Every structure is written in structure tokens, then in C-alpha cells.
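The values are calculated or read from the model by the stated rules, or taken from the named source; none is laboratory data. Everything numeric in this text was worked out from a predicted model, so none of it was measured. Every residue, glycine as well, gets a Cβ built from its backbone with ideal geometry; the counts of neighbours run over all protein chains shown.
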Amino acid sequence: MEIHRTAIHCQTSGNTDVIDITPQVTEALRGSGIKEGVVFLFVAGSTAALTTIEYEQGVVNDLIRTIEKIAPQNISYQHNLRWGDGNGYSHVRASLLGPSLNIPVTNKKLLVGAWQQIVLLDFDNRPREREVVVQILGN
């Protein structure tokens, strides 16, 4: 079994920025030489998350609107009272989706659906430089 590790760096605008990182993950897989295995993705930080979605503007807007309903930006958060940074909602949103994602690999390809892309979501209230760790295990 081989292990290949790299990282994807993204400049985000914050405020529920949704970025398609599928091309970068595909490129990392290609560069690894792994044919069969799994890709593990992890974004460090408590205000960002990873998931899959059909990366089409209507669905992206629906996701953003739904997240706003689940964890609204304009309500009182204990975190804001303690730290005064106004991003309590971003911590809650990120924890609901989670910082990691696993994708099977077979025949040198990510096993994602035809309309399924890998996305990084940055919920913070300011632009950030995000790093997504890509670890690929397999043969």
C-alpha cells in the first residue's frame, strides 16, 4: 500500500463561499499513481467544511439558502458574546457539515457520480486562505 499526501490551497471570500475543488483533487489523484484505494480530504479550521454537490448555480444557491435557515447569521451566538468576532454562525455551520470527506478510487478514477463535485465551503465572515489536505491511500 502506498500513501501520497499533498494539499490544495484556495483563496476564499468567506460568507458561505462554495468552491469546486474536484479538478484539483483529480489532479492530485493523477499525480499519485494510485489505481485502487481511497482519497481522504480534510480542511483544517473550525469555520470551513467539505461535501459533495452538483456544482450548478441553482443547487449551490439552494444549499446556501438552506444553510442560512438552519444556522442564521443574524441571531445571537454565545461565541460572539465571548469573542466578539461575529462568526459564531460560521462555526455552527462548519460543524454541521464536517471538515472531512472520503472518496473511493477505482481504475485511477474518483468514484463520484456524473453530476457530483467535491466542494469546499468557507463560512467565515472574512476572506481566508484555506488548505485542504489530500491523502491518497492505495495501490
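Surrounded by 15 or more Cβ atoms within 10 Å (Cβ to Cβ), among the hydroxyl-bearing types (Ser, Thr, Tyr) and either touching a helix residue (DSSP H, G or I) at 6+ places or on another chain (Cβ under 7 Å) or in contact (Cβ under 8 Å) with a residue 60 or more places away in the chain (or both) - does that describe any residue in region 91-100? Give the derivation first.
If we filter region 91-100 for residues that are surrounded by 15 or more Cβ atoms within 10 Å (Cβ to Cβ), which is where we start, we get 91-94, 97, 99.
Cutting the leftovers down to among the hydroxyl-bearing types (Ser, Thr, Tyr) gives us none.
No: zero hits.
Go over the candidates Ala28, Ala44 one by one and state the one that is surrounded by fewer than 16 Cβ atoms within 10 Å (Cβ to Cβ) and of a type in the set (A, V, I, L, M).
Details: Ala28 fails: surrounded by fewer than 16 Cβ atoms within 10 Å (Cβ to Cβ).
Answer to the check: Ala44.
Only one of Arg65, Arg82 is loosely packed, with under 13 Cβ neighbours inside 10 Å, charged (D, E, K, R) and either at pLDDT 95 or above or touching a Lys or Arg at 6+ places or on another chain (Cβ under 6 Å) (or both); which?
Values: Arg82 fails: either at pLDDT 95 or above or touching a Lys or Arg at 6+ places or on another chain (Cβ under 6 Å) (or both).
Unique residue meeting the criteria: Arg65.
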Query - Residue under evaluation Ser76, criteria (1) without any contact (Cβ under 8 Å) to a residue 24 or more places away in the chain; (2) closer than 23 Å to Cys10 by Cβ, criterion not met - result: (2)
Report task. List the number of the failed condition for Tyr77; all other conditions in (1) of a type outside the set (A, V, I, L, M); (2) within 15 Å of the chain's Cα centre (by Cα); (3) buried (at least 17 other Cβ atoms within 10 Å of the Cβ) hold. Result -> (2)
